[in-house]
1. Where in the stretch 18-41 does the label zone of residue 56 land, with the point 7 angstrom along Cα→C-beta and an amide N cut-off under 18 Å?
2. Over the Cα atoms of the stretch 62-102, what Rg and Dmax result, in angstrom?
3. With an 8 Å cut-off on Cα pairs and a minimum separation of 6 or more residues, tell me the relative contact order of the chain in percent.
4. Starting from the Cα of residue 12, move 7 Å in the Cα-to-Cβ direction to define the label point; list residues of the stretch 44-72 whose amide nitrogen is under 14 Å from there.
5. For the chain, find the longest principal axis of its Cα atoms and tell me its angle to the long axis of helix 55-65, 0 to 90°, nearest 10.
6. Could you work out the local net charge near residue 15, counting Lys and Arg as +1, Asp and Glu as -1, over the other residues with Cβ closer than 14 Å to its Cβ?
7. Report the gain in length on full extension from residue 73 to residue 86: 0.36 nm times residue separation, minus Cα-Cα distance, nm rounded to one decimal.
8. Write down the accessible area per residue of the stretch 55-96 in Å², having rolled a 1.4 Å probe over the full set of protein chains.
Amino acid sequence: RPDETGFDGTVSWTSDSGAVPDVHQVLLLKPTLAGNLVLWSVVLPGTEHEATMPPQALEQLREVWSGSQVFFALLSSKSPRFDYDQWTNDDLVLQSWSAYTVALSIGFLP
């Protein structure tokens, strides 16, 4: 969501009807020649529809990457044995998912 200075640090999304994912992973990415650089990420329960960057992360994004195009990726997945209160990074890999979707934002300047 933009504010008077541009991106205000909050990203939100809507979901189509259907199965509710177990987990969302929100990634803020900077495209590079070597691939996408992850600038910030957060893992949320599948029932969430919004994420807000901490103020320090937003400030650093603006200081370091102003004038650079970035974008968000949202990975939403179903994982049969996923427990949000006890997840590990192993739960965030394709092999542990029974279904997933990926959504990308348009590029923007922070």
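The values are calculated or read from the model by the stated rules, or taken from the named source; none is laboratory data. Values in this document were obtained by computation on a predicted structure and should not be read as measured data. As a convention, Cβ positions derive from the backbone with ideal geometry for all residues, glycine included, and neighbour counts pool all protein chains shown. Accessible surface is based on the protein model in full, side chains and every heavy atom, while ligands, DNA and RNA are left aside. Shrake-Rupley method; radii C 1.70, N 1.55, O 1.52, S 1.80 Å.
1. 39-41, by backbone N distance to the label point.
2. For the stretch 62-102, the Cα radius of gyration and maximum Cα-Cα distance read 14.8, 42 Å.
3. Dividing the mean separation by the residue count of the chain yields 30 percent.
4. Of the residues in the stretch 44-72, 48-53 have backbone N under 14 Å from the label point off residue 12.
5. 60
6. Here the count lands on -3.
7. Taking residue 73 through residue 86 to full extension adds about 2.3 nm, to one decimal.
8. The answer is 69 Å² per residue.
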